[in-house]
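The values are calculated or read from the model by the stated rules, or taken from the named source; none is laboratory data. None of these values were measured; they are calculated from a predicted model. In this analysis, Cβ positions are derived from the backbone assuming ideal geometry, glycine residues included, and neighbour counts consider all displayed protein chains. Only protein heavy atoms, including side chains, enter the accessible area calculation; ligands, DNA and RNA are left aside. Shrake-Rupley method; radii C 1.70, N 1.55, O 1.52, S 1.80 Å.
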Amino acid sequence: MKRLLSLTVLLLAATATLAAVDEFTLTIKDHAFVPKEITLPAGKKVKLLVINQDATPAEFESKALGREKVIPGKSTGTVNLGPLKPGRYPFVEEYHENDPAAQGVIIVE
Amino acid sequence: MFAAALIVFRESLEAALIISIMAAATRGIPSRGRWMLAGVLAGLCGATVVAAGMGAMSDMAEGMGQELFNAAILILAVGMLAWHNIWMSIHGREMAAKAQSAARSVKEGTREGSVIFLVIALAVLREGAETVLFLYSLATSSEDGLRTTIGGGLSGLAAGSLVGVLLYAGLLRIPLRWFFSITGVLVMLLAASMASQAARFLIQADLLPSYGAPLWDTSATLSQTSALGLLLHGLIGYEAQPAGMQIISYVMVLLAIAAGMYWAGSRKRREARQHTLADAH
């Protein structure tokens, strides 16, 4: 029983290490994305940290990536991505999607 | 003004389609109007609470609170829709024959009523919370200010509701003989579509593999932001760039509900046959 327990702990620790994935950041300020283009590696899982510096909520949305996430004002949202195929994946801040500043693209290579 | 109208239209359209299909599918259930109204009101209250607590919720479950919450709401709604359809496969025939509630006990009506209530409340809650946040964001950030935002929002809401009303009126024109079969199919597709959306949130939370993201891309042929794309998304869950796991969930829910309906229906027929045999003796 004890051995089983330690094995489980070991396994959990192993998965935790495996789960440590690369992080990339994207900032929203005055309803505009900075940067508007972000390059991510193909074929592996990554985390995109979306930092909303505005006081109002924003929504990161990408139909191409199948992602939508509300980022409350003055907070950071984590968006899990990948593994992705090489290509261009547009995203928008849905609440201001018609504004070019609120549109961006993820380039995967 | 236009941005507000468009986004509110999109959110309210999804809820309106769900409400219309549920309204049609539960035709003949006693006091369903009251259940539906209660569902809308409860959903609106819930939406405000969720919007206000969005910050706290987002931080839960290591930042995956939103994803888990959305998935849970969707899965609960899928369960309710499945239950409704299986129940209808037992009672639908008598309802089509009588188109009235006289044959059924009050207890069953209440149970079915709470299904209507929950499905509608969950739909309004989900779409409403996003709308509230959006309007809040827009009203405080745009030069248009509060008044135009509200004006735009209201016209979006009116347009979304109008489509719902038109769908309902159209469904009512279906002859009674086919009526519950058709609404049954619509409810099934609605459930499958919600299952696919739930899968999308679970993939986003990194709890499910995506199995191809996206599996295919039809955005050039039929964009999800076009009028037809929006309508098909609301009705059958059309997505231009779905993940493989979403398709798996969609098909599995369709098959599970169909199997449940078949099983319940055949049990009902067997019972009916035994009754006829007993009567003959």
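Residue check: is B:GLY39 at pLDDT 95 or above and in a helix (DSSP H, G or I)? So B:GLY39 fits the description; yes. Can you confirm whether region A:14-28 contains a residue that is aromatic (Phe, Trp, Tyr) and either open to solvent by 20 Å² or more (accessible area, probe 1.4 Å) or modelled with pLDDT under 95 (or both)? Scanning region A:14-28 turns up at least one residue that is aromatic (Phe, Trp, Tyr) and either open to solvent by 20 Å² or more (accessible area, probe 1.4 Å) or modelled with pLDDT under 95 (or both).
The residue that is farthest from the chain's Cα centre (by Cα), counting only those in region B:53-66 that are crowded, with 20+ Cβ neighbours inside 10 Å and assigned to a helix (DSSP H, G or I), is B:SER58.
Among the residues of region B:195-235, the ones that are crowded, with 24+ Cβ neighbours inside 10 Å and either among the basic types (Lys, Arg) or free of Cβ contacts under 8 Å to residues at least 12 places away in the same chain (or both) come to 1 in all. Within region B:19-52, track down each residue that is open to solvent by 10 Å² or more (accessible area, probe 1.4 Å) and within 14 Å of B:ARG126 (Cα to Cα). Within region B:19-52, B:ILE19, B:VAL40, B:LEU41, B:ALA42, B:LEU44, B:CYS45, B:GLY46, B:THR48, B:VAL49, B:VAL50, B:ALA51, B:ALA52 meet the criteria. Residues in region A:87-100 include none that are β-branched (Val, Ile, Thr) and either within 10 Å of another protein chain (Cβ to nearest Cβ) or more than 24 Å from B:TYR238 (Cα to Cα) (or both). Each residue in region B:212-234 was checked for being within 11 Å of another protein chain (Cβ to nearest Cβ) and outside any helix (DSSP H, G or I), and 9 of them qualify. For residues in region B:128-187 being touching a helix residue (DSSP H, G or I) at 6+ places or on another chain (Cβ under 6 Å), assigned to a helix (DSSP H, G or I) and without any contact (Cβ under 8 Å) to a residue 60 or more places away in the chain, which is surrounded by the fewest Cβ atoms within 10 Å (Cβ to Cβ)? Among those that are touching a helix residue (DSSP H, G or I) at 6+ places or on another chain (Cβ under 6 Å), assigned to a helix (DSSP H, G or I) and without any contact (Cβ under 8 Å) to a residue 60 or more places away in the chain, it is B:LEU146. Residue count for region A:83-105 under the criterion of being assigned to a loop (DSSP other than H, G, I, E, B) and open to solvent by less than 20 Å² (accessible area, probe 1.4 Å): the result is 1.
B:ALA99 fails exactly one of the following numbered conditions: (1) at pLDDT below 90; (2) at negative phi. What is the number of that condition? That leaves (2) as the condition not met.
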